[in-house]
1. Going residue by residue through segment A:6-24, is there one that turns out to be within 12 Å of chain B (Cβ to nearest Cβ) and within 24 Å of B:TYR48 (Cα to Cα)?
2. Picking from B:LEU11, B:LEU43, B:LEU21, B:LEU27, which residue would you name as being in contact (Cβ under 8 Å) with a residue 40 or more places away in the chain, outside any strand (DSSP E or B) and among the hydrophobic types (A, V, I, L, M, F, W, C)?
3. Test A:ASN30 against the stated conditions and say whether it is farther than 20 Å from B:ALA92 by Cα, surrounded by fewer than 17 Cβ atoms within 10 Å (Cβ to Cβ) and either touching a residue at least 60 places away in the same chain (Cβ under 8 Å) or facing chain B (nearest Cβ under 10 Å) (or both).
4. Can we say B:ARG110 is part of a loop (DSSP other than H, G, I, E, B), within 12 Å of the chain's Cα centre (by Cα) and not hydrophobic (A, V, I, L, M, F, W, C)?
5. Any chance you could count how many residues in segment A:67-95 are free of Cβ contacts under 8 Å to residues at least 60 places away in the same chain and either small (Gly, Ala, Ser) or more than 21 Å from A:ILE112 (Cα to Cα) (or both)?
6. Taking A:ARG94, is it assigned to a loop (DSSP other than H, G, I, E, B), facing another protein chain (nearest Cβ under 10 Å) and among the charged types (D, E, K, R)?
7. Name the residues in segment B:76-106 that are in contact (Cβ under 8 Å) with a residue 12 or more places away in the chain, assigned to a loop (DSSP other than H, G, I, E, B) and buried (at least 18 other Cβ atoms within 10 Å of the Cβ), would you?
8. Here's a check for you: in segment B:46-75, which residue that is part of a strand (DSSP E or B) and under 24 Å from B:GLN17 (Cβ atoms) is farthest from the other protein chains (Cβ to nearest Cβ)?
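Read-outs: derived from the displayed coordinates by stated rules, not from any lab. Fair warning: this is a prediction, and the values are worked out from it, not measured in the lab. Here the Cβ is made from the backbone with ideal geometry for all residues, glycine too, and neighbour counts use every protein chain on show.
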Amino acid sequence: AQSVAQPEDQVNVAEGNPLTVKCTYSVSGNPYLFWYVQYPNRGLQFLLKYITGDNLVKGSYGFEAEFNKSQTSFHLKKPSALVSDSALYFCAVRPRQGGSYIPTFGRGTSLIVHP
Amino acid sequence: DGGITQSPKYLFRKEGQNVTLSCEQNLNHDAMYWYRQDPGQGLRLIYYSQIVNDFQKGDIAEGYSVSREKKESFPLTVTSAQKNPTAFYLCASSIGTASTHGYTFGSGTRLTVV
């Protein structure tokens, strides 16, 4: 079975500071990993994904994520946070082969960027 | 613009009533999904469909039903058997279930039991 853990319900950061939203996963074999963002009363928007290759993946709105196989982590990062980055962030995982192709989503982390 | 349209945005249901949530996509995606979102619980999969006239139960299918008569449409019916239907419902689509592309989500329907 595959699972995702987002250990922090909420992350607070000051505008201009770097931010990290944590994600760890459990899956058989190598994973495909995804990050999505959700603004209030809206659907999720795709941010970035790790499929293969470089462990540092760059995505939309200046976000990036680092795949760490040994730590089974895929933390979302941004060098300088904006107030407009305040939203709910979801990590998702699915196995590269075998099992269900349907990704499992984490519970979400609320990011609050203070002016 | 291509995308997914969910309607209505807000829906109120009386006890014992069935209601249907609409989801339409013009992305030519084969796969479509319904998720339920509750505070602090993330997204839980209700049903998904890989192709027209075929669908599979997700993790929390009890009290829900779907149909997939057209590629573009995947309506969700919340039946009276669903004991706690108040939630935010999200529809999504992808090129295929095995695709490595991310999902495209609709804007959601907020269902409230009154």
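1. no
2. It is B:LEU27.
3. Yes, satisfied.
4. So B:ARG110 does not fit the description; no.
5. So the answer is 10.
6. no
7. B:GLN82, B:PRO85, B:THR97, B:TYR103, B:GLY106
8. Out of the qualifying residues, it is B:SER65.
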